[in-house]
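Chemist: Would you mind keeping the following structure in view while I ask a few things?
Read-outs throughout are calculated quantities, based only on the coordinates presented, and are distinct from any laboratory measurement. Worth saying up front: this structure is predicted, and the values here are computed from it rather than measured. All Cβ positions, glycine included, derive from the backbone under ideal geometry; neighbour counts span all protein chains shown.
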Amino acid sequence: MKLLDGKLIADQIRTEIALEVKELFLDKGLDPPHLAAVLVGEDPASMTYVAAKEKACSEVGFVSSVYRYPSNISGEKLLEVIDFLNADHEINGFIVQLPLPAHIDEHVIIERIDPLKDVDGFHPVNIGKMVLNLPCFLPATPYGIITLLERYKIETAGKNVVVLGRSHIVGTPVSILLSRKSDPGNATVTLCHSLSQNLTDIAARADILIVAMGKQGFVTADMVKKDAVVVDVGVHRIPSTETKSGFRLKGDVDFERVSRKCSYITPVPGGVGPMTIVSLLQNTLLAAKKNLI
Ligand code: GUN
């Protein structure tokens, strides 16, 4: 078994991005790319993600800013924030950290984002363009997954890919990306969800198994074909007395047993997570480059 080392690949890509920032912006006296994040409330996981995005920005020489609001902000006020960010010429791209509080309709907020600044790739225009294989911002986690497969030279054409989980952020877009006529892509994709029958049998036929169920340890060794490639998108905080933070991260896959059977596997942490963040940086660089044209 070999690790699909997302941390290593993300480090490499950050070095590549930093070089581009220097050559295309700093050396020419131009402002570096600027990524903004909107954070509503104090969800610990969301705060961790946003902090990680800020750190990643500073590592590649981007400017970053965070717009923080209490969880009782109204939907109307949040739309005003979006309008402000859309109009601010110094901000190349921004994200609204999800989930939002229940009283705010996520779809309404996301539809208000200028698709040219939607570096999360969540706006219906970007999703539509992704389906049609047109230039667009790809959603960060699926983008990170296909980049990881690409950098490890894992062939996807003609392979059986099984995706577990149909979320708008991961399962649905990654299934579209891998079935598109492109490289990576050209796979035969099966998308499984909570109502799928014979899930174990379907998963066990996968050459590449992508797991984004949100259920810790869901995928056991009997669900994995020998020498399959396993990508674990799950992130779960497990209380632990052995770490400073008081928790350990675990995925949707029973790593210990599955790793003995498969050919490649992403660890948690250090697999898909770092790739998601670096993909957001790639989208922000792309947004900033478009402003140069
Ligand atoms: N919440 C969980 N993942 C994501 C992501 O990729 N983008 C945003 N904006 N929120 C998230």
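Chemist: Positive end of the dipole of the chain, charges at C-beta (+1 Lys, Arg; -1 Asp, Glu), about the Cα centre: which of 164, 246, 133 has its Cα farthest in that direction?
Modeler: Checked the options; the winner is 164.
Chemist: Next up: In debye to the nearest 20, how big a dipole does the chain give about its Cα centre with +1 on each Lys and Arg Cβ and -1 on each Asp and Glu Cβ?
Modeler: 900
Chemist: Given that compact globular proteins tend to follow 2.2 N^0.38 Å, what is the ratio of the alpha-carbon Rg of the range 196-293 to that value?
Modeler: 1.33
Chemist: When you count, for each residue, the other Cβ atoms within 10 Å and take the mean per peptide, how do 268-279, 93-104 rank with the highest first?
Modeler: Ranked from most to least packed, the peptides come out as 268-279, 93-104.
Chemist: Note the angle between two axes, namely the Cα long axis of helix 140-151 and the longest principal axis of the Cα atoms of the chain, as a number of degrees from 0 to 90, rounded to the nearest 10.
Modeler: 60
Chemist: Long-range amide H contacts for residue 119: which residues qualify at under 5 Å (H placed 1.01 Å from N, peptide plane, sequence gap of 5 or more or a different chain)?
Modeler: Residues meeting the criterion, in which the H sits 1.01 Å from N, are 94.
Chemist: What does the highest-first list of 234-244, 184-194 look like by mean Cβ count within 10 Å?
Modeler: 184-194, 234-244
Chemist: Taking only C-alpha pairs under 8 Å that are 6+ residues apart, what is the relative contact order of the range 138-293 in percent?
Modeler: Across the range 138-293, relative contact order equals 23 percent.
Chemist: A further question on this structure: Which of 56, 93, 40 sits closest to the plus end of the dipole of the range 1-95, meaning its Cα is farthest towards the positive end, when Lys and Arg get +1 and Asp and Glu get -1 on the C-beta?
Modeler: 56
Chemist: Looking at the chain, what % of its DSSP beta bridges pair antiparallel, to the nearest 5?
Modeler: Antiparallel: roughly 10 percent of the beta bridges in the chain.
Chemist: Compute the angle between helix 6-24 and the longest alpha-carbon principal axis of the chain, please, reported from 0 to 90 degrees and rounded to the nearest 10.
Modeler: 30
Chemist: Let me ask something else about it. With only Lys, Arg, Asp and Glu charged, each at its Cβ (+1 for the first two, -1 for the last two), find how big the charge dipole of the range 174-293 is about the Cα centre; round to the nearest 20 debye.
Modeler: 300
Chemist: If you wrap a convex hull around the C-alpha atoms of the range 114-200 and split its volume per residue, what is the figure in Å³?
Modeler: 95
Chemist: Tell me, what HN-Hα J-couplings in whole Hz come from the Karplus equation 6.51 cos²θ - 1.76 cosθ + 1.60 at θ = phi - 60° for each residue of the range 158-170, using x for Gly and Pro?
Modeler: Calculated HN-Hα couplings, in order: x, 7, 8, 9, 10, 10, 9, x, 10, 5, 5, 7, 10 Hz.
Chemist: Hey, another quick one. Can you give the alpha-carbon Rg of the range 1-103 over 2.2 N^0.38 Å, where N counts its residues?
Modeler: So the Cα radius of gyration is 1.27 times the expected 2.2 N^0.38 Å.
Chemist: What is the calculated FRET efficiency for residue 116 to residue 237, with r their C-beta to C-beta distance and R₀ = 45 Å, to the nearest 0.05?
Modeler: That gives a FRET efficiency of 0.80.
Chemist: Okay, next question. May I ask you to order 203-215, 125-137, 249-261 by the average number of other C-beta atoms within 10 Å around their residues, highest value first?
Modeler: 203-215, 249-261, 125-137
Chemist: For the range 33-103, what's the relative contact order in percent, using C-alpha pairs closer than 8 Å and at least 6 residues apart?
Modeler: So the answer I get is 51 percent.
Chemist: Which values, in whole Å and largest first, are the semi-axes of the equivalent ellipsoid of the chain obtained as the square root of 5 times each eigenvalue of the Cα gyration tensor?
Modeler: They are 31, 21, 20 Å, listed largest first.
Chemist: Before rounding to the nearest 500, sum -39500 (n - 2.57) across all DSSP H runs of length at least 4 in the chain and divide by the residue total; then give [θ] at 222 nm in deg cm²/dmol.
Modeler: -12000 deg cm²/dmol
Chemist: Pairs of Cα atoms under 8 Å, at least six residues apart: use those to get the relative contact order of the chain, whole percent.
Modeler: 21
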